[in-house]
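Novice: Let me give you the structure first, and then I'll get to my questions.
The values are calculated or read from the model by the stated rules, or taken from the named source; none is laboratory data. What you are looking at is a predicted structure, and each value in this text was computed from that prediction instead of being measured. Glycine also receives a Cβ, built like all others from the backbone with ideal geometry; neighbour counts cover every protein chain displayed.
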């Protein structure tokens, strides 16, 4: 699939180190069995992607090393987790975990999540996660930031009323950018009532390796929860 007209890529590299023989085998043999191609017909009813049968489908955009995606799948066996990640190293980490745990409620899209979202039916995603997206810190690159009014509008389309959107970042100006974009777009309400609501993750929000790295570097993380109007 191609990106939308005039849409800039919001992520960096697609590949890191060369895959080991085992990783290459997972990419060759297991990925085709759990991958989503992203065609509209395939996604007409996302729950049917999961052979084990699920009550609803959640979406994680940019799952990185997969810690959060795998935890949510394990904690919620009746939820289908649709994970998007263009970086090959992250995808093979999740493939290895799927093989080890025999997880049946995870499907992967190894490309730009925005292409996938455009093919999803309205109100088909019960919960969505955008955790520590690339901050593109240089001002001239801010237009590449994933969280934008356009992305929020697409998330609003695929989520039902009261659906929950979780976004985290360790970059203060990106947190401000996100809140302003949410306010301008208008489909989501920030649920925070006190500082603790955005300074702490909560027991149902596991730590990722990127978050741990940010905390070791002394950066404060912001954890935002929004509800679809």
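Novice: Which of the residues belonging to the stretch 131-152 are in a helix (DSSP H, G or I) and out of contact with any helix residue (DSSP H, G or I) (no Cβ under 6 Å at 6 or more places or on another chain)?
Specialist: Matches in the stretch 131-152: 139, 140, 141, 142, 143, 144, 150, 151.
Novice: Since residue 200 meets every condition but one in (1) in contact (Cβ under 8 Å) with a residue 12 or more places away in the chain; (2) surrounded by fewer than 15 Cβ atoms within 10 Å (Cβ to Cβ); (3) over 26 Å from residue 90 (Cα atoms), which condition does it not meet?
Specialist: Failed condition: (3).
Novice: Please go through the stretch 153-165 and give me each residue that is surrounded by fewer than 20 Cβ atoms within 10 Å (Cβ to Cβ) and part of a strand (DSSP E or B), ordered by number.
Specialist: Hit for the stretch 153-165 is 164, nothing else.
Novice: Out of 142, 177, I need the residue that is out of contact with any strand residue (DSSP E or B) (no Cβ under 7 Å at 6 or more places or on another chain) and modelled with pLDDT under 95. Which one?
Specialist: Being out of contact with any strand residue (DSSP E or B) (no Cβ under 7 Å at 6 or more places or on another chain) and modelled with pLDDT under 95 holds for just one of 142, 177, which is 142.
Novice: Output yes when any residue across the stretch 172-185 is in contact (Cβ under 8 Å) with a residue 24 or more places away in the chain, outside any helix (DSSP H, G or I) and buried (at least 18 other Cβ atoms within 10 Å of the Cβ), and no when none is.
Specialist: Looking through the stretch 172-185, none of the residues is in contact (Cβ under 8 Å) with a residue 24 or more places away in the chain, outside any helix (DSSP H, G or I) and buried (at least 18 other Cβ atoms within 10 Å of the Cβ).
Novice: Still on this model: Among the listed residues 194, 168, 128, which satisfies the condition of being outside any strand (DSSP E or B) and at pLDDT 95 or above?
Specialist: 194
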